[in-house]
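Data block below; observations after.
The values are calculated or read from the model by the stated rules, or taken from the named source; none is laboratory data. Everything numeric in this text was worked out from a predicted model, so none of it was measured. Every residue, glycine as well, gets a Cβ built from its backbone with ideal geometry; the counts of neighbours run over all protein chains shown. The accessibility values were calculated without ligands, DNA or RNA, using every heavy atom of the protein model including side chains. Shrake-Rupley method; radii C 1.70, N 1.55, O 1.52, S 1.80 Å.
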Amino acid sequence: MSGATSDPRLDAKLEAIREELPAVRRGAFLNTGSFGPQPRRAHAALLASDQSALELGRMGHAVFERMLESRALTRSTFAAVVGCDPADLALTHSTTAGINIAVMGLDWQPGDRLITAKAEHPAELNPAAVLKQRRGVEVVTTDIGLPGVDPLTALVAALDEGGARAVMLSHVCWTTGLVMPVRELADAAHAAGALLIIDSAQGVGEVPVNVQALEVDAYACSGQKWLCGPSGTGALYVRPDRMDDFRLTFAGYGAGKAARDCSTFDVTPGAGRFEAITLHGPSLDALRVGLEWLQGDEVGLPWAHDRIAALGRRCHEALSSLPGVTTLAPAEGIAGLVSFTVAGMEPEQVTVALEEKGFFIRHVEFPSANRISTGFYNSEDEIDAVAEAIGELAKA
């Protein structure tokens, strides 16, 4: 294995993990913040599930019961990852879907204020813009997530202006990599009478998460990033005592029971009401099997979180020492996302140049930079090698 350490047990564990993730053999896979490498066993589960549908057909009572069982098992497994009751979790297709379910579900009135940030992902800014156009919501874009900005101070200042119905921010800023003090932000929002909606595309899997301890009102997650699941998977946690604040925007088969003349509508208890759009069964099976692997002894999420952060610090330290290379955020403020710029080069040029050398990273917008994601499966040698390659680019 590339990058042997002085610990034989760690070497053996990393070798087994990397064997389970064949994509990491293609090159230095340093973009889990976009897509994580898929485990062999998860892919096998997806194929087996789809093969069953092909051979047995998607018909009959047993097939319907199997679909419900798969959803329940996957919901329960995902709930264990984020620290909530399965009844408070809806399976979704992405973080974007979860964010839209939450923010569009609030009973917005003209003049209500939604506080977010300029550095947020388009999956948050675009729904905010729609609410501004459609409902007359006042959108306040703070500098939270940018280097040098204290997130709590910035949020309190925005809340002090009054009228905030909700705050929508990320657990980890996707461009700078800064980890937000979510519990403190939740306390501030609640003290001002606002709800806190969190985008966890760059949170769950990268950093420890317990949504109940964080006191968030809605927490949207991706399956395909740090959790190494299939594309088109995700989850939304909704705090049970605020469940009814988030009204249904889409209402599917499981949303509740309407009278035939629609004179009454009894909403389904729990977050399952939000699962309105059909979910791909084989992908759910693959997601569940992958999550079980991450939570089990072969990996272990606490171990993965520690390793991601340790490799992030190693990467940050190496890049910070290079002439012509500037890291965006301080090492103590990040986990596994390390953003940087190379003097004299556009970020896209850096991405392309590194890919030609076998290093797969990405570039991001606002602030414009390159971004390395340090996965739990990466080796120390890979981190050192990409830093060396970036240093060569800076000298050119």
Practice task
Give the residues of segment 249-285 that are on the phi > 0 side of the Ramachandran plot, free of Cβ contacts under 8 Å to residues at least 24 places away in the same chain and surrounded by 14 or more Cβ atoms within 10 Å (Cβ to Cβ), sorted by residue number.
Solution key: Gly256
Exercise for the section: Take the residues in segment 171-195 that are part of a strand (DSSP E or B) and over 12 Å from Leu159 (Cα atoms), then tell me which one is least open to solvent (accessible area, probe 1.4 Å). Expected result: Val172
Handout entry: Residues of segment 327-361 satisfying the condition of being over 22 Å from Val204 (Cα atoms) and open to solvent by 40 Å² or more (accessible area, probe 1.4 Å)
Key = Thr341, Ala343, Gly344, Met345, Glu346, Glu348, Gln349, Val352, Glu355, Glu356, Lys357
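Answer yes or no as to whether Val179 is at pLDDT 95 or above, over 14 Å from Ile99 (Cβ atoms) and more than 13 Å from the chain's Cα centre (by Cα).
On the way: at pLDDT 95 or above: yes; over 14 Å from Ile99 (Cβ atoms): yes; more than 13 Å from the chain's Cα centre (by Cα): no.
Here the answer is no, as Val179 does not meet what is asked.
Condition test on Gly229, is it more than 20 Å from Gly312 (Cα to Cα), in contact with a strand residue (DSSP E or B) (Cβ under 9 Å, 6 or more places away or on another chain), outside any strand (DSSP E or B) and open to solvent by 30 Å² or more (accessible area, probe 1.4 Å)?
On the way: more than 20 Å from Gly312 (Cα to Cα): yes; in contact with a strand residue (DSSP E or B) (Cβ under 9 Å, 6 or more places away or on another chain): yes; outside any strand (DSSP E or B): yes; open to solvent by 30 Å² or more (accessible area, probe 1.4 Å): no.
In short, no.
Specify the residue that is surrounded by the fewest Cβ atoms within 10 Å (Cβ to Cβ); the eligible residues are those in segment 377-396 that are of a type in the set (Asp, Glu) and within 28 Å of Trp303 (Cα to Cα).
Step one: of segment 377-396, the residues of a type in the set (Asp, Glu) are 380-382, 384, 388, 392.
If we keep only those that are within 28 Å of Trp303 (Cα to Cα) as well, we get 380-382, 384, 388.
Numbers: Glu380: 16, Asp381: 14, Glu382: 23, Asp384: 14, Glu388: 12.
Among them, the one singled out is Glu388.
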Problem - Scope segment 156-170; condition within 19 Å of the chain's Cα centre (by Cα) and open to solvent by 20 Å² or more (accessible area, probe 1.4 Å); matching residues - result: none
Practice task
Would you check if there is a residue in segment 55-76 being within 25 Å of the chain's Cα centre (by Cα) and under 22 Å from Glu215 (Cα atoms)?
Solution key: yes
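Considering only segment 128-155, state which residues are over 21 Å from Glu184 (Cα atoms) and open to solvent by 10 Å² or more (accessible area, probe 1.4 Å). Working first, answer last.
Start the filter on segment 128-155 by keeping residues that are over 21 Å from Glu184 (Cα atoms), which leaves 128-139.
Across segment 128-155, the qualifying residues are Ala129, Val130, Lys132, Gln133, Arg134, Arg135, Gly136, Glu138, Val139.
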Exercise for the section: Can you confirm whether segment 86-99 contains a residue that is crowded, with 20+ Cβ neighbours inside 10 Å, acidic (Asp, Glu) and modelled with pLDDT of 95 or more? Expected result: yes
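Among Ser70, Ser52, which is the only one that is open to solvent by 40 Å² or more (accessible area, probe 1.4 Å), among the hydroxyl-bearing types (Ser, Thr, Tyr) and more than 26 Å from Gly375 (Cβ to Cβ)? Before the answer, list the steps.
Working: Ser70 fails: open to solvent by 40 Å² or more (accessible area, probe 1.4 Å).
Just a single option satisfies the conditions, and that option is Ser52.
When you look at Leu322, is it out of contact with any Asp or Glu (no Cβ under 6 Å at 6 or more places or on another chain), under 18 Å from Gly83 (Cα atoms), open to solvent by 10 Å² or more (accessible area, probe 1.4 Å) and at pLDDT 95 or above, yes or no?
Numbers: out of contact with any Asp or Glu (no Cβ under 6 Å at 6 or more places or on another chain): yes; under 18 Å from Gly83 (Cα atoms): no; open to solvent by 10 Å² or more (accessible area, probe 1.4 Å): yes; at pLDDT 95 or above: yes.
In short, no.
Find the residue count for segment 100-120, including only residues that are within 16 Å of Ser200 (Cβ to Cβ) and either in contact with a Gly (Cβ under 6 Å, 6 or more places away or on another chain) or surrounded by fewer than 21 Cβ atoms within 10 Å (Cβ to Cβ) (or both). So that I can check it myself, show each step before the final result.
Narrowing segment 100-120 to residues within 16 Å of Ser200 (Cβ to Cβ): 100-103, 116-117, 119-120.
Now restrict to residues that are either in contact with a Gly (Cβ under 6 Å, 6 or more places away or on another chain) or surrounded by fewer than 21 Cβ atoms within 10 Å (Cβ to Cβ) (or both): 117, 119.
Residues flagged as within 16 Å of Ser200 (Cβ to Cβ) and either in contact with a Gly (Cβ under 6 Å, 6 or more places away or on another chain) or surrounded by fewer than 21 Cβ atoms within 10 Å (Cβ to Cβ) (or both) within segment 100-120 amount to 2.
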Practice task
Go through (1) under 21 Å from the mean Cα position of the chain (by Cα); (2) buried (at least 22 other Cβ atoms within 10 Å of the Cβ) and name the single condition Leu125 misses.
Solution key: (2)
Handout entry: Among the candidates Leu10, Leu73, Leu54, Leu68, residue that is outside any loop (DSSP other than H, G, I, E, B) and modelled with pLDDT of 95 or more
Key = Leu73
Practice task
Of the numbered conditions (1) touching a strand residue (DSSP E or B) at 6+ places or on another chain (Cβ under 7 Å); (2) assigned to a helix (DSSP H, G or I); (3) of a type in the set (Val, Ile, Thr), Val289 fails exactly one; give the number of that condition.
Solution key: (1)
